[in-house]
Each structure stands twice: as C-alpha cells, then as structure tokens.
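The values are calculated or read from the model by the stated rules, or taken from the named source; none is laboratory data. Bear in mind that the values here come from a model prediction, so they are computed numbers and not experimental data. Cβ: placed from backbone, ideal geometry, glycine included. Neighbour counts: every protein chain shown. We work out accessible area using only protein heavy atoms, side chains counted, and drop any ligands, DNA or RNA first. Shrake-Rupley method; radii C 1.70, N 1.55, O 1.52, S 1.80 Å.
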Amino acid sequence: MPIITLLTDFGSKDYFVGAMKGAILSINPGANIVDITHEIPPQDIRSAAFNLLATYRDFPVDTIHVAVVDPGVGSDRKPILIECANQFFVGPDNGIFSWVLEREKSFRAIHLTNDKFFRESSRTFHGRDIFAPVAAALSTGIPPQEFGVEIRELIELEPLKPLKIDQATTEARIVHIDHFGNCITNLTRFDLGPNGFDGAKLIANGYEISSLREFFADSGARPDELFCVLGSAGFLEIAAQDSSAATILGAQRGQPVVLVRSS
Amino acid sequence: MPIITLLTDFGSKDYFVGAMKGAILSINPGANIVDITHEIPPQDIRSAAFNLLATYRDFPVDTIHVAVVDPGVGSDRKPILIECANQFFVGPDNGIFSWVLEREKSFRAIHLTNDKFFRESSRTFHGRDIFAPVAAALSTGIPPQEFGVEIRELIELEPLKPLKIDQATTEARIVHIDHFGNCITNLTRFDLGPNGFDGAKLIANGYEISSLREFFADSGARPDELFCVLGSAGFLEIAAQDSSAATILGAQRGQPVVLVRSS
Amino acid sequence: MPIITLLTDFGSKDYFVGAMKGAILSINPGANIVDITHEIPPQDIRSAAFNLLATYRDFPVDTIHVAVVDPGVGSDRKPILIECANQFFVGPDNGIFSWVLEREKSFRAIHLTNDKFFRESSRTFHGRDIFAPVAAALSTGIPPQEFGVEIRELIELEPLKPLKIDQATTEARIVHIDHFGNCITNLTRFDLGPNGFDGAKLIANGYEISSLREFFADSGARPDELFCVLGSAGFLEIAAQDSSAATILGAQRGQPVVLVRSS
C-alpha cells in the first residue's frame, strides 16, 4: 500500500482533514494515509517546514508527503510536486519544503499545471481539490512529469543553517518548541566542533546553558536546571527535567540563541 | 477495503475512539477506518450535522459514516442505519443526519433492533457497543435490512435552508465557525440570485459586509476587513485575511445573519 | 493486517507520532496502525495505564499495544515486551502495564536487549527508536523470545483494586476524569456487594452521592445533580447530566473517594 502522509495547519475540529482523506481514497482506495500532524499553528510555514524535516526520513522510499500550510491559497503561488531523497512532496510553493531541500540538495520540481488531476476547484481549499488528488494519482503510479512542467526556482525560507560569526561564536535560533516545552535549535553536532559541548555554552534570553546531558532523566540535573540535549531530530535542544524549558526561558519560536565555543 | 468514517464528540484524550476502532477491527479486520473529527463540542448535534454534511460527498460509494454525538445514549432514542446517496450512515436518531437527508431527499432508514449485531450492551457507550459493531458487520456485506426494521419518521433538526423573507431579504445563520475563525453561513450561491453578491450585503452583529472575494489572500483586502467567500463546503463564509472573522465579529455559532440583495 | 496500537503522551502538534508510524511502516508496510490516544498528560503513567486497561480487550487476538509515557527514557529503566491475554504490550518498564497485569495475572515478559531490532539509538526517543521497531518486527512474525531475555520482576504501580476497610467501607479513588467530566473510580460492581448500590453512598469532597442511574440522559436527574453510573470501562463513575461532574465536585485525578454500603 502506497503511503501518503498529511501535515497541515487545519486543526482537528473541522471536516477539512476528513475531506482530504475522502478525496484521496476516492482516487486510490488502496492508499495508506498517515497523519503527521494537523496542529501546525495557523499559517506558520516554518513550523510545518521543521516538523516535516524532522520526520520525512523515518518513512520508506516512495512515500508521498502532502504538506499544506497555505496562506496564499487561491493566489498565484504555485502548487508543486517535488521528487527528492527517493520520496515525493506535494504542496504549495511557499518555502514549506525548503529545509528538506537545503539538506538534500538534489531534487526535481514540477509546477502542477495539469488540471485534469484536480477536482473542480475551489479557490480556498487546495488541500482537498489539488494536493490530495495529485498525491492520490501519483500513488497509483502516474509519473511526476504528467502533472505539469518542470521548474528550477522555488520559494525559499531563510536558511536553516546557523550563521558562524567567528571561530568561537555561532548565531542560531529556536526553530521549534515541542509539546514538552523543549526548545529545538538549528544547531547540530557539526556546529559544536571537535570538542563537542565541552567548554561551550548556549546563551538564550540571558541564561547561559553550559551542560549537555544525554537524556532528560539524567539524575545529575537539578529541578528547573536548563541543560542541552542532542535531540531526536538531530538538533541541539534546550531542556529541563520534568518541566518546560520554554516556560523557564520565556522562549519564543524564531528567537535568537548564541553558541559560544571554547577557544 | 471498505471505508468506515468516524465523527464524534468523544475528544482525543480518552480511550473512547480507540475502543470504537478495536470493536470494528474485531469484526472486520479489513476495514479502513478514517477519522473525520472527534472534536465536535460535547453534545453539539448541529456541529456534527454540519461537518458531516460538508464532507460525506468527498468519500467514495459504499462508504459507511458512523456519527456519534449522542446525549440521549441509553434512553429510548433509536439507533439507526440510513442508506442514502450510495453511502451508509450509522448513529443515533437525533437529527445528526437530517441535513444530509434535507439535501439528498431520497433515503431508506432502518431502526437497529437486531441485537445479535450488538456487543453485550452498556447503556452509556453505544458508539462502541452498537454503532461500531453494526458498521463493521455492514462493511462485511450483511444487507441493511438484516439489522432491523424500516422506519419512515426520523427526528429532524430545524431546516438548514435559510428563510427568504421577501425578494430582497433572507434570514440566515452562522452554522459553523472553523479552526481559522471563518464563519460559515447556511447561504449558498442559490440564495444570492442572478446578480451574485453584486450590490448585496450580509449583516451580522452590526457589521455590513459587502465584498465577496475569491480567496483569502486576495491582495485587495485590508487587515481586519471582513469579507465573504464562497467556501469549500459550498456555503457563503465570512472571513478576514490573516485573522479570525469570528473574533472580529464576536460571532457565535447559531446566531442570525441577514442577507440583503440589491433590488 | 497485524494491528499495532499507539498510546502516548506525545501530543499531536509535533512530528513524534508521525515518526513512530514511519518507523513501523519502514519495517512492516502491512501494519495497521491504530491511535488510542496521544493526549495522555505529559509523563502521567497512571493515566496511560488506565486508558490502556479500559480498551485493550476491545482489540482482537494478536494485537500489539505500544504504550509510551516514558519520563525515564535513556536511563536504566528497561524496555519491555509482554505477552498477555493473547495480545502483546511494548513499552517502558515503569508500571504502565501493571493494571492490565493485575487483571490478567498470567503473562510472560521480555527485557528488550537485542539491539539488532533497534534503530541507531537516540537516548531521548525510544518510541521511535526501540518500541516502534520492535513492535513492527514482532508484527512480521518474529517470536517474542528473539527480542531479549525473559524477566520475572516488573515495576508495579500501586494496585488498582480499592481497599476494603470493613464490611461497610471501601477506600477508593478517582482514576480518570474523561473528556465529558465524568469521574471514573476504581470501584467495580464486585465492590458493591449483593445489594448493588441500594442503600449505598459514595462520598467525595463532601458530597454524598446515593443514586445510581443507568445512563446519562435518565430523565429523573435534576440539573447539576451528581449521580453514579456503571460506566463503559466497567467502573463506577460519578456523572452529571449535561454538565461536568468533575467541575461540580472540584475533582482531581488520584483523589480519594469512599464507598459506604448499607449494613
């Protein structure tokens, strides 16, 4: 069964997600539809981009990821299909896939122009009327080039990669705050250098965080102590044991943090 | 794989939805269970009726829709099965299906009386003990008439259709407020007449809304400007760009709005 | 299709649940993944234990239940696999399964030590890296003993069974408060004795509840009257018609209630 994942900001209290699933199953009754999340904050493209980045590699080859956070629905923003990392990505051309592409480098993009694969189109719900039907048709084996014309230029978000200021200093940011209040930064182990976190500190909102723990329940941590963890998505996270690091820090998604390495 | 959709007010923090799915899969392991939503406000039959209406046509022929918002569970309200629009609907006879039937007109209804298809019955959880098992058995190919006796009279909500007062004026209401704060009315394009929205206005809570836009990101809209959209469920919606029309309006589901057409 | 259920405290706004599903489908594309809930309060093992207890029997033989509420992830708490009641349970050894085992008595437990079934391990997300892959491999038919070594001693929560103080008095507690505000106790029909609820009362936060109704919409109930129901999970619940018993009572999960039977 071909896998189609869904990631949207539609919430779960309306018929929207059900409508997308109905549209898919009407075209390919054998599709295996998997929800990633529908609780992306409304119109927050960066949150969608991060969550997709954090999990697409968990899925097998040929998975089709449909990501719809789409404030420009109905305008002239392009609907697109991307082939990348032996998977497919379907959604609006608004940067939602750009962090996946920043990592993967090699890709092919199609502007979805062949409306024989669209439903009679609303201009307010392309999730149901364009992206779901295209994903469903793709999952039946129709080749990507049938859906439109290849394009080279895509809308890009600001790069995910943090900015190395000098040998000691990297300007980074909090790219996601999770359900437990962990603050995920855009720093990876490669930004830490050969000494790892030894002698380094992460500065955020006036706090200096200088310990790296291997897991949340590490018995060395004091209550409310902020520490870093190399988290499950491959990024450095700010965490606290049994409490929310985001609350302690007063953190906001998108805000800057600074990594200072030992010299 | 036969499709069984679920639409309830059970929320997602308890075992309730899992229990329904277990009950279905215990009878038909091949059922493809699709969640529409479980976040209908507790006991809000109208919200369930609207969301079902807005999406049942997205699903293929023979889909079985199980809808359970059921304040009368355990009382003498009837459990029913309806065959309509080449699909099936299973749930309590409390009006939850009445707006689908108002649209479709032709249907057959069965009062579920054959308890050999029920689980040993609780009187508080018919979702698990009656509606899920009946839907699962139906999905295995058992004919509708096996489940009980045909009935003619069903409980009906007030009609969905708005009330035309005179040539210029239609009394309507807000039937749903979605996750983005869009206020969906019970007005359709047929209520607008031959001139569409030209010269018309929608009056709600003292606001007069006289522009109809084709999509949310229409560049002509000012911040916080209220405008109308012919939305994805086929109804006229009150929307605002990048903000919640419901908040601006102070809207409540069920409240009146008035459409005034040009003469 | 083998059934794998998921029950976690991961919430639904992050990539976590999607990541677990991707990990499962990468190993067994034919798995039928069923969400029980992901809205267990963060790190609340008892809430997870109750919800699992309330629904595992609804699922067919050979179902694999993956339950991950895991404050000790990465520490030396054991990852385990339990065979019990012709089903399987996979998760951390922290008591999450102990109420199922208290009911079932007979079981076999395996300490998951064979890391060839694990993903390259993070120490913060065993849901994706250990429990999902083990469940997926198990669902392909690999026998339980392949995953590790049998163990006898498991971590146990305090017993679910209430404490009978004397012939008339049983000390019990509220083990769950559901979406509707019903307060589920750990009392069953067996705690009521031969007279059932006749002449009995349940004392909670200064309220004496002495009526047992068969269902929520029982017409005898006054607004805001608290009454008992023998609920769908087999436990005595405190309920109120059309309102939240938990709000009326000011109830907290875990708090004591006392059952006094007539002598």
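Phi angles across the range A:95-112 convert, under the Karplus curve 6.51 cos²θ - 1.76 cosθ + 1.60 with θ = phi - 60°, into 3J(HN,Hα) values of x, 4, 9, 6, 6, 4, 5, 4, 7, 8, 6, 8, 7, 10, 10, 10, 7, 6 Hz, Gly and Pro given as x. Amide H contacts of B:Gln87: B:Asp62, each under 5 Å away and 5 or more positions distant or on a separate chain (H built 1.01 Å from N in the peptide plane; Pro and chain starts excluded). With a cut-off of 13 Å between beta carbons, the residues surrounding B:Glu208 carry a summed charge of 0, where Lys and Arg count +1 and Asp and Glu -1.
Under 18 Å from a label point set 7 Å out along the Cα-to-Cβ vector of A:Asn114, the amide N atoms of the range A:25-39 belong to A:27-28.
With a 10 Å cut-off around each Cβ of A:54-67, the average count of Cβ atoms from other chains is 4. Relative contact order of the range C:197-263, taken over Cα pairs closer than 8 Å and 6 or more residues apart, is 38 percent. Per residue, the accessible area of the protein assembly as shown comes to 39 Å², computed with a 1.4 Å probe over protein heavy atoms only.
Distances, shortest first, from the label point of B:Glu158 to those at the same position in the other copies read 5.0, 5.0 nm; the point lies 7 Å along Cα to C-beta.
If DNA, RNA and ligands are ignored and the probe is 1.4 Å, what is the ranking of A:Ile155, B:Ile4 by accessible area, most exposed first? Mind showing how you got there, number by number?
Working: A:Ile155 90, B:Ile4 0 Å².
I get A:Ile155, B:Ile4, largest accessible area first.
What is the magnitude of the charge dipole of the protein assembly as shown about its Cα centre, with +1 placed on the Cβ of each Lys and Arg, -1 on the Cβ of each Asp and Glu, and no other charges, expressed in debye to the nearest 20?
Numbers: 69 positive and 99 negative charges, 89 e Å.
Roughly 420 debye, rounded to the nearest 20.
For the segment C:210-216, counting C-beta atoms of other chains within 10 Å of every residue's C-beta and taking the mean gives 4.
Largest first, what is the accessible-area ranking of C:Met1, C:Met20 with a 1.4 Å probe?
Details: C:Met1 95, C:Met20 0 Å².
I get C:Met1, C:Met20, largest accessible area first.
The residue in chain A that lies nearest, by its beta carbon, to the axis linking chain A with chain B is given here with the distance in whole angstrom as A:Ser12, 4. Over all other residues within a Cβ to Cβ distance under 11 Å of B:Ile177, the charged ones net out to -1, with Lys and Arg as +1 and Asp and Glu as -1. Taking the DSSP beta bridges with both ends in the protein assembly as shown, the antiparallel portion is around 70 percent. Taking all Cα pairs closer than 8 Å and separated by 6 or more residues, the relative contact order of the range B:79-195 comes to 23 percent.
Screening chain B for DSSP H helices whose Cα atoms reach 15 Å or more along their own axis and whose mean Kyte hydropathy is at least -0.5 gives B:16-27, B:45-55.
Couplings 3J(HN,Hα) of the range B:156-173, computed from phi: 10, 6, 3, x, 6, 4, x, 9, 7, 7, 8, 4, 9, 10, 10, 8, 10, 8 Hz, in residue order, whole Hz [Karplus 6.51 cos²θ - 1.76 cosθ + 1.60, θ = phi - 60°; x for Gly and Pro]. Ordering of C:21-28, B:137-144 by packing is C:21-28, B:137-144, highest average first (other Cβ atoms within 10 Å, averaged per residue). Averaging the Cα positions of each part gives two centres, and for the range B:151-193 and the range B:65-80 these lie 24 Å apart. The local environment of A:Gln43, defined by Cβ-Cβ distances under 14 Å, has a net charge of -3 under the rule Lys, Arg +1 and Asp, Glu -1.
When Cβ neighbours within 10 Å are restricted to other protein chains, what is their mean count per residue of peptide B:6-12? Numbers along the way, then the final one.
On the way: counts 1, 2, 0, 2, 3, 5, 8.
So the per-residue partner count for this stretch is 3.
Computed on the range A:1-118, with alpha-carbon pairs under 8 angstrom and 6+ residues apart, the relative contact order is 26 percent.
Think of chain A as having a plus end and a minus end, set by charges on the Cβ of Lys, Arg, Asp and Glu; of A:Ile151, A:Leu236, A:Phe216, A:Ile151 sits farthest toward the positive end of this dipole. The phi torsions of the range C:197-209, fed into the Karplus equation with coefficients 6.51, -1.76 and 1.60 and a -60° offset, translate into couplings of 8, 4, x, 8, 8, 10, 10, 8, 6, x, 8, 10, 10 Hz, rounded to whole numbers, with Gly and Pro shown as x.
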